[in-house]
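*Asks:* Have a look at this one before I ask anything.
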Amino acid sequence: MKVLIVGGGGREHALAWKLRRDDPSLELIAAPGNPGIASLARCVPIGVDKLKDLAHLAEEEVVDLTVVGPETPLEAGIVNLFQTRGLPIFGPTREAARIETSKRFAKELMVRTGIPTARAAQHSDAREAKAALDDFASPVVIKASGLAAGKGVVVAQSTAEAERAIDAMLSDRVFGSAGREILIEEFLEGEELSLFAISDGQQALPLLAAQDHKRLLDGDFGPNTGGMGAYAPTSLGTPELTSRVMSEIIRPVLAAMREAGSPFKGLLYAGLMITDDGPKVVEFNCRFGDPETQALMPLMESSLLELIAAVAGGGFLSLARYPDWKPLSAVTTVVAAAGYPDKVRTGDVIQLPSPQEGVELFHAGTARDPASNELVTAGGRVMAVTAVASSLFDAAEISRSYAEQVSFKGKQLRRDIGWRELTRGARVT
């Protein structure tokens, strides 16, 4: 079997790693890939926005399956294009991808369907948006409606801070076209949880629940990022909670998408807030999350390849059993570049520690210097260090220790991934 992976980040490295373990004889191609993925796949220098070139590559290589990692090509319609050419591909169409690419679309769908979520108002005029703040208590959440690489969210602690965020998005256009429209949302109290579900448009199979760490600094301080680490499993993600999320959120969303004429086939990511009133949706994503994927893949016992190949081939998922998981814990620590998430510095030489059993190093923002062939930083989130161990405490210790040994100038990392779960464990014992 020949598989093309579209993307070149840590998520795509983790997917390549998992697919290779599902089928060691698999022939993998990645576009554009990265130096880490290059150890598992043949990398072809085609950008994720070059849809026609990617389709030509899939045809020329006669690939059996294409897996799309990032959201940008999904928004651009890569699945639509591949389907018109009869090329099997895993991911939602442009229309179905709106569940992530337009927060307004997602919010209106949730309100119409009765899916639990935060109260919100949409605005494209800064003056009207500021006036609407009177209807919300502080803190209040300001979101860019479009894609902003996980950074288009501001939790404003005061009206003045909210007004600055509104001006930045609507007037200064700090997020470009993604901020042409914003959502003002009520702040939800609780703890966040990420739940992935693989859908064939009719049915869905949930994966193991994980928890992301969005803030840059320890203790959940600092600016929002694309994710500084993740862990799984979490005690919040009980079978009972997963069942409730599937019945109250995932299945109603899939039904609503079918009714809207845009059935969702692919990976649906529900970003949840577990409140006193139960789970509520913070956001949906239309693809594997990053860095949760890096934590989940080493724990997944079942074949991911079989599931996504079934969906991409137009088949249906079997609900006979959910995927199996190893009875272990995984912690992923992201090592970020100097200046992340604002003014990222690239080109710093990376020194890696020796391989260690129980640790997987997933490349994200890395490249080879064309002159020296040295490994250098090439993006905001540079590496994801995933450790798997018998306990969350051990996995966190190993992940942090290894991440600290990754060396380049100005590196940033959190040293408290999993801290909420570890605190809960301490209270129990």
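*Asks:* Can you confirm whether the stretch 99-108 contains a residue that is over 15 Å from Gly271 (Cβ atoms), of a type in the set (Ser, Thr, Tyr) and touching a strand residue (DSSP E or B) at 6+ places or on another chain (Cβ under 8 Å)? Break it down stepwise before answering.
*Replies:* Start the filter on the stretch 99-108 by keeping residues that are over 15 Å from Gly271 (Cβ atoms), which leaves 102, 104-105, 108.
Then keep just the ones that are of a type in the set (Ser, Thr, Tyr); that gives 102.
Subsequent filtering for residues that are touching a strand residue (DSSP E or B) at 6+ places or on another chain (Cβ under 8 Å) retains none.
Within the stretch 99-108, not a single residue is over 15 Å from Gly271 (Cβ atoms), of a type in the set (Ser, Thr, Tyr) and touching a strand residue (DSSP E or B) at 6+ places or on another chain (Cβ under 8 Å).
*Asks:* For a quick check of your reading of the model, give me the residue pairs whose first member lies in the stretch 128-148 and is over 16 Å from Gly179 (Cβ atoms), whose second is open to solvent by less than 10 Å² (accessible area, probe 1.4 Å) and assigned to a helix (DSSP H, G or I), with beta-carbon atoms closer than 7 Å and at least 6 apart or on different chains.
*Replies:* Close Cβ pairs satisfying both conditions: Leu133/Ala162; Val140/Ala162.
*Asks:* Pairs under 8 Å by beta carbon, first residue touching a residue at least 40 places away in the same chain (Cβ under 8 Å) and more than 10 Å from Lys130 (Cβ to Cβ) in the stretch 153-165, partner part of a loop (DSSP other than H, G, I, E, B) and open to solvent by 30 Å² or more (accessible area, probe 1.4 Å), six or more apart or different chains?
*Replies:* Filtered contacts from the stretch 153-165: Val155/Pro139; Val155/Phe187.
*Asks:* Looking only at the stretch 392-415, count how many residues are within 27 Å of Pro45 (Cβ to Cβ) and open to solvent by 60 Å² or more (accessible area, probe 1.4 Å).
*Replies:* The number of residues fulfilling the criteria is 1.
*Asks:* When you scan the stretch 189-214, how many residues do you find that are open to solvent by 20 Å² or more (accessible area, probe 1.4 Å) and either among the small types (Gly, Ala, Ser) or within 18 Å of Ile274 (Cα to Cα) (or both)?
*Replies:* Applying the first criterion (open to solvent by 20 Å² or more (accessible area, probe 1.4 Å)) to the stretch 189-214 yields 189-192, 202-203, 208, 212, 214.
With the extra rule that they be either among the small types (Gly, Ala, Ser) or within 18 Å of Ile274 (Cα to Cα) (or both), the set shrinks to 189-192, 208, 212, 214.
Going through the stretch 189-214 one residue at a time, the tally reaches 7.
The values are calculated or read from the model by the stated rules, or taken from the named source; none is laboratory data. Predicted model only: the values in this text are computed from it and were never measured. Neighbour counts are summed over all protein chains in view; Cβ atoms, including those assigned to glycine, are modelled from backbone coordinates with ideal geometry. Calculation scope for accessible area: heavy atoms of the full protein, side chains included, ligands and nucleic acids excluded. Shrake-Rupley method; radii C 1.70, N 1.55, O 1.52, S 1.80 Å.
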